[in-house]
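Below is one structure, written out as structure tokens, with a few remarks after it.
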Amino acid sequence: MKIVVLVKEVADTWKERKLDLETGLLDREANDRVLDEINERATEAAVSFAEAHPDTEVVVLSVGPASVPNAMRKALAMGATSGFHVLDASMVGADLTLTAEVLAKAVERIGFDLVIAGNISTDGNAGMIPAMLAERLGVAHATNLDTLVISDSEIRGERETDGGVLAITAQLPAVISISERLPDARFPGFKGIMAAKKKVVETADLAELGVDADADLPRSIMIAVSEKPARSAGVKIVDEGDAGQQLADFLVQNRLV
């Protein structure tokens, strides 16, 4: 079996993230860049299956700048077989439609039985790529899985909803996304870290994948960007016998009731 895991280099969530106010893009130089935590869990799911099934190949796939392989090495140290990096200047500021198209072409080039992704990234927070990718690949998809069981012919999992828990089954090939309820990722050991340095990370640009970033396809654009306003001081209510009325007036004035 061949499992492709979608991974993403993101700004460290433990530090304040900043936007470039001229371009509207994330200022990547303002923070350390790390592998998204949800992608670590996705990698853990794939590697755990591969350990029990030695004929399984795990390929981590990412689209991003030249620094991506540095973050990707963590997934390789965890036990992924190899990496695939899409590197192209046309992808700077790419929207979901272009990203999904590029990922689909990359997955087709790699070959796959199963694609595992995180349900939502910590930077874009869109959560749409897994479904869009499945649509382009023409395969089943199961998203936001809280549990996951992989077999040679299908995947099974559960997804929590407002009304209960859904049991989901999908035949392979398929695209799935997992939630933070899956097990934490392992901490790469010294042996894995050393082995990761020798693992192959293939690089391709859009031309090699057969994608025209300038094609007349739906593409979103950003028309304005502004910095988040500084947090202002709150309203302090001093109880002089009328605190209840003051609170009620505040709620009404701010349309909170």
Quiz item: Is one or more of the residues making up the range 104-124 aliphatic (A, V, I, L, M), modelled with pLDDT under 90 and buried (at least 16 other Cβ atoms within 10 Å of the Cβ)?
Solution: yes
Quiz item: Assuming Val257 fulfils every condition listed in (1) farther than 30 Å from Ser121 by Cα; (2) surrounded by 12 or more Cβ atoms within 10 Å (Cβ to Cβ); (3) in contact with a helix residue (DSSP H, G or I) (Cβ under 7 Å, 6 or more places away or on another chain) apart from one, which condition is it?
Solution: (2)
Quiz item: Looking only at the range 131-183, which residues are closer than 17 Å to Leu6 by Cβ, assigned to a loop (DSSP other than H, G, I, E, B) and not small (Gly, Ala, Ser)?
Solution: Val139, Leu172, Pro173, Glu180, Leu182
Quiz prompt | Output for the range 202-255, where each listed residue is within 26 Å of His85 (Cβ to Cβ) and either at pLDDT 85 or above or in contact with a Cys (Cβ under 6 Å, 6 or more places away or on another chain) (or both) | solution = Glu202, Thr203, Ala204, Asp205, Leu206, Ala207, Glu208, Leu209, Gly210, Val211, Asp212
Practice problem: Pairs only if they're at least six apart or on different chains, beta carbon under 6 angstrom, first in the range 82-109 and in a loop (DSSP other than H, G, I, E, B), second surrounded by fewer than 21 Cβ atoms within 10 Å (Cβ to Cβ) and charged (D, E, K, R); list them, first residue then second. | Solution: Asp88/Asp205; Asp95/Arg219
Quiz item: So how many residues does the range 184-201 have that are more than 24 Å from His85 (Cβ to Cβ) and in a strand (DSSP E or B)?
Solution: 0
Practice problem: Under 9 Å between Cβ atoms, at least 6 apart or on separate chains: pull out the pairs that start in the range 196-212 with a residue that is touching a residue at least 40 places away in the same chain (Cβ under 8 Å) and end on any residue that is exposed (fewer than 11 other Cβ atoms within 10 Å of the Cβ). | Solution: Asp205/Ala89
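The values are calculated or read from the model by the stated rules, or taken from the named source; none is laboratory data. These numbers were taken from a predicted model, which means no experiment stands behind them. We place every Cβ from the backbone using ideal geometry, glycine too, and count neighbours over all the protein chains shown.
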